[in-house]
């Protein structure tokens with residue numbers, strides 16, 4: 001595996017691993033994944049799907065199985081061009097794991113822990129509660145701001161696409 005993970009000089013490949021950045025060169029290094037949900041040409045596996053299928057929030061098992069090296073995964077994650085594609089993967093993974101957990105609890109409604117499962121579901125126990133520790137960290141604020149900005153951007157794009165515009169009421 002390591003020989004296709006490195007370039008001709010012996011450095012870890014980053015952008016050249018992915019179809020989205022592929023430029024035909026004389027190096028003979030072809031992409032081996034796509035960063036999208038599916039390869040537009042239907043030839044390459046999706047690294048996003050592989051990442052989500054590992055269901056590993058630490059990313060360690062995924063990194064070792066996929067790249068054979070933790071440092072290589074860190075180098076890919078820190079590539080600014082690649083970050084645009086992969087930055088939301090951990091959030092999607094978190095949602096996926098929560099969903100599986102909730103479905104598992106729901107399946108217990110007919111088992112011996114039916115009362116606890118019903119109570120969890122009735123109280124919406126999967127929802128995050130406000131932290132009691134005080135002010136959120138700068139990283140948490142930045143993450144929430146980023147999510148809100150992405151949501152606003154998507155809504156604005158959709159509104160523009162269908163010809164709607166936001167009307168201000170003036171003083172508020």
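Assorted remarks:
- Apart from one condition, residue 102 fits all of (1) free of Cβ contacts under 8 Å to residues at least 40 places away in the same chain; (2) more than 30 Å from residue 142 (Cβ to Cβ); the exception is (2).
For every residue, the table says whether it meets (1) touching a strand residue (DSSP E or B) at 6+ places or on another chain (Cβ under 6 Å); (2) closer than 30 Å to residue 35 by Cβ; (3) modelled with pLDDT of 90 or more.
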{"position": "81", "(1), (2), (3)": "no, yes, yes"}
{"position": "86", "(1), (2), (3)": "no, yes, yes"}
{"position": "89", "(1), (2), (3)": "no, yes, yes"}
{"position": "107", "(1), (2), (3)": "no, no, no"}
{"position": "110", "(1), (2), (3)": "no, no, no"}
{"position": "114", "(1), (2), (3)": "no, no, no"}
{"position": "118", "(1), (2), (3)": "no, no, no"}
{"position": "127", "(1), (2), (3)": "no, no, no"}
{"position": "137", "(1), (2), (3)": "no, yes, no"}
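- Matching entry among 23, 95 (being surrounded by fewer than 15 Cβ atoms within 10 Å (Cβ to Cβ), modelled with pLDDT under 95, outside the structural domain of residue 142 (by TED's automatic domain parsing) and not in a helix (DSSP H, G or I)): 23
- Test: residue in segment 90-98 that is touching a residue at least 60 places away in the same chain (Cβ under 8 Å), under 29 Å from residue 143 (Cβ atoms) and within 21 Å of the chain's Cα centre (by Cα): no
- Selection within segment 76-89: residues that are in contact (Cβ under 8 Å) with a residue 60 or more places away in the chain and part of a helix (DSSP H, G or I). The member of this set that is surrounded by the fewest Cβ atoms within 10 Å (Cβ to Cβ) is 81.
- Matching residues, segment 41-62, being surrounded by 17 or more Cβ atoms within 10 Å (Cβ to Cβ) and part of a loop (DSSP other than H, G, I, E, B): 44, 59
- Residue 29 being in contact with a strand residue (DSSP E or B) (Cβ under 7 Å, 6 or more places away or on another chain), more than 19 Å from residue 88 (Cβ to Cβ) and part of a loop (DSSP other than H, G, I, E, B): no
The values are calculated or read from the model by the stated rules, or taken from the named source; none is laboratory data. Fair warning: this is a prediction, and the values are worked out from it, not measured in the lab. Positions of Cβ are backbone-derived with ideal geometry, glycine not excepted, and every protein chain shown enters the neighbour counts.
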